[in-house]
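Working notes, structure below.
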Amino acid sequence: MSPERVKAYLVQTADAQPCPTFLPPTYESFFGVGTESGLFYPCQGGPGYNSWYGNGQVNALNAVLHGPSS
């Protein structure tokens with residue numbers, strides 16, 4: 001299977017992750033205040049795609065079960 005098809009299966013079967021409603025407790029310790037300007041980097045977009053989680057969390061089992069041989 002080509003890398004492009006693997007990527008497509010992973011994107012199509014990912015678990016959607018909406019923008020968080022609050023700043024995760026460890027965010028500042030890992031990322032400072034958010035950006036080099038010292039401002040918080042907000043999550044933008046919806047549950048299908050956003051600036052923090054992209055297409056969502058990979059669900060490898062779902063990708064395998066819905067792959068080309070299933």
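All of the numbers you see were taken from the coordinates with simple rules; none came from a lab. Quick caveat, the model's predicted, so the values are computed rather than measured. We place every Cβ from the backbone using ideal geometry, glycine too, and count neighbours over all the protein chains shown.
Label-point separation (nm) for residue 60 and residue 23, each offset 7 Å from Cα along Cα-to-Cβ? Computed distance between label sites residue 60 and residue 23 equals 3.3 nm. The label point for residue 12 and the one for residue 43, both projected 7 Å from the Cα toward the Cβ, are 2.6 nm apart.
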